[in-house]
1. Return the only residue of PRO400, PRO390, PRO367 being farther than 27 Å from GLU64 by Cβ, surrounded by 15 or more Cβ atoms within 10 Å (Cβ to Cβ) and of a type outside the set (Ser, Thr, Tyr).
2. Here is a check on your reading of the model: is ALA54 part of a loop (DSSP other than H, G, I, E, B) and in the same structural domain as GLY89 (by TED's automatic domain parsing)?
3. Can you spot a residue in the range 87-97 that is under 21 Å from ALA221 (Cα atoms), in a strand (DSSP E or B), of a type outside the set (Lys, Arg) and at pLDDT 95 or above?
4. Which one is farthest from ARG373 (Cα to Cα) among residues in the range 278-314 that are among the hydroxyl-bearing types (Ser, Thr, Tyr) and in contact with a helix residue (DSSP H, G or I) (Cβ under 9 Å, 6 or more places away or on another chain)?
5. Exactly one of (1) on the phi < 0 side of the Ramachandran plot; (2) at pLDDT 95 or above; (3) among the small types (Gly, Ala, Ser) is unmet by SER201. Its number?
6. So is ARG196 outside the structural domain of ILE442 (by TED's automatic domain parsing) and modelled with pLDDT under 95 or not?
7. Hey, among the residues in the range 98-114 that are touching a Gly at 6+ places or on another chain (Cβ under 7 Å) and part of a helix (DSSP H, G or I), which one's farthest from GLU302 (Cα to Cα)?
8. With the requirement that a residue be among the acidic types (Asp, Glu) and either without any contact (Cβ under 8 Å) to a residue 12 or more places away in the chain or under 30 Å from VAL309 (Cβ atoms) (or both), what does the range 188-234 give you?
Amino acid sequence: MPKTLRSIRKILIANRGEIALRILRACRELGIVTVAVYSDADRAALHVLEADEAYRLGPAPATESYLCGDLILDIARRSGAQAIHPGYGFLSENAGFAEACEHAEIKFIGPPASAMRALGSKTRARQAADAANMPRTPGSVKGLASLDEGYSVAAEIGYPVMLKAAAGGGGKGMRAVFSKDELCAAFAAAASEAERAFGSSEVYLEKLIERPRHIEIQVLADEHGNCVSLGERECSVQRRHQKVIEEAPSAIVDEEMRRHMGEAAVRLAKSAGYTNAGTVEFLVDDARNFYFLEMNTRLQVEHPVTELVTGLDLVHLQIRIAQGEPLSFAQEDIRLRGHAIECRVYAEDPDNGFFPSPGKITRLLQPGGPGIREDSGIYEGWVVPLDYDPMLSKLIAFAPTREAAIARLRRALDEYVIGGIRSNLGLFRRILDEDDFRAARIDTGYLDRLLSANTPLAETPSCGDIALIAAAIFESSRPKNGNGSAVEANADFSGWKQAGRREGLGA
């Protein structure tokens, strides 16, 4: 039965940084009032300054602020917000919070709690994939009850195998195992790391696909039974299982493969009663066979590349779906055009083990020009806190071809200056100049192999270097009088005028 249309006039954004700004801008375009929340560390953050209303959550630690669902719901009630957009991270995939929103009669802009529970755990998601007749990697569909069960499953599917945390992601609780002798120590290490990271030591085991590509399908489902796939994103450039560069479309996916992957992703979403935006992730082997990996039940960091190649605004669509509106297009209406590439810009030092680099941004020159999009939450003079993920912005280039998108992104990186802290901008320059990346010969181990060469990364010049260069350019360009000394600043004499006179063009 179709859901009743809702009128959402005010949205609380339960997040921070660039994604909070991204959602805020979409709300403004739709005429919706925005409510920001912030920790003490984010009092001067850009999303707080830009929102229509802003409310303090608590101290800097996320466990005392952005992860406090009861505080966020209380602010939603007090502010009169009809809906909450969780962004990504924090409470975005917390089924308990989605359920609490429902009980409070505040719309959660995301899937229902039941779909989150069905797909949020990797082992439950594998069971759902089997029910939806999706291809997946061989291995256990439930957490391993014991090490002996692990030996049994590994013997059945053959080495090498991969141990994974059932409740996790981002590379935590993952161990590759290449022989029976390695399994015992790897099982203990994976379970221990999973417990520390996610509060659950449950791990499962699957066949290891060596040098796979990581390709994901964006899906969108309304509350009227319509579900579509919006093409793929290539996410193979990763460091220790954390995505670094994403692009759309993938260089190895043709129309037939795209259709098959999209149909599989839609089957999974429909079988779980999924609504709103979600992403189904696959591993692809060198024979272009694809295997279900997991589903992310939220908006993805890399959603801009899909927006650029489809011409759709995913955040607008999330809000419209939450209002009960049906999708205004069908699967056959989706057409991909051009190529988009995204870099995740972090406050970290690649030459020092990617150590976080918090501190004050003393200089900021942001890129622009044709085909360049920057989703950012920073400004000159802002202090990057140590308390959260160090992502500063996302830099995205769009062009008719992959080669042109690489050239455009490379040019934009040369324009991007973030002073006062270290960043990974130099890493992106190195990747985009590298032959294998330019030829799309990439897999999930590509970046780790590149970094193992230990070549220093060409970082953006420091603010001191920039100041010295600027001063030298300024001095050399100042007009000179007859004795060769610079004309004083208060003289009625400009460089433009001097140049014109030298060319005989008059004053």
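The values are calculated or read from the model by the stated rules, or taken from the named source; none is laboratory data. No experiment lies behind these values; they were computed from the predicted model shown. Counting neighbours? That spans all protein chains shown, and the Cβs are built from the backbone with ideal geometry, glycine included.
1. Matching residue, one of PRO400, PRO390, PRO367: PRO367.
2. No: the conditions fail for ALA54.
3. no
4. Ranking the qualifying residues of the range 278-314, first place goes to THR297.
5. (2)
6. Judged against the criteria, ARG196 is a match.
7. If we filter the range 98-114 for residues that are touching a Gly at 6+ places or on another chain (Cβ under 7 Å), which is where we start, we get 98, 100, 111-112, 114.
Those still in the list that are part of a helix (DSSP H, G or I) too: 98, 100, 114.
On the way: ALA98: 23, ALA100: 28, SER114: 25 Å.
Among those residues, the one meeting the criterion is ALA100.
8. Applying the first criterion (among the acidic types (Asp, Glu)) to the range 188-234 yields 193, 195, 202, 206, 210, 216, 222-223, 232, 234.
Across the range 188-234, the qualifying residues are GLU195, GLU210, GLU216, ASP222, GLU223, GLU232, GLU234.
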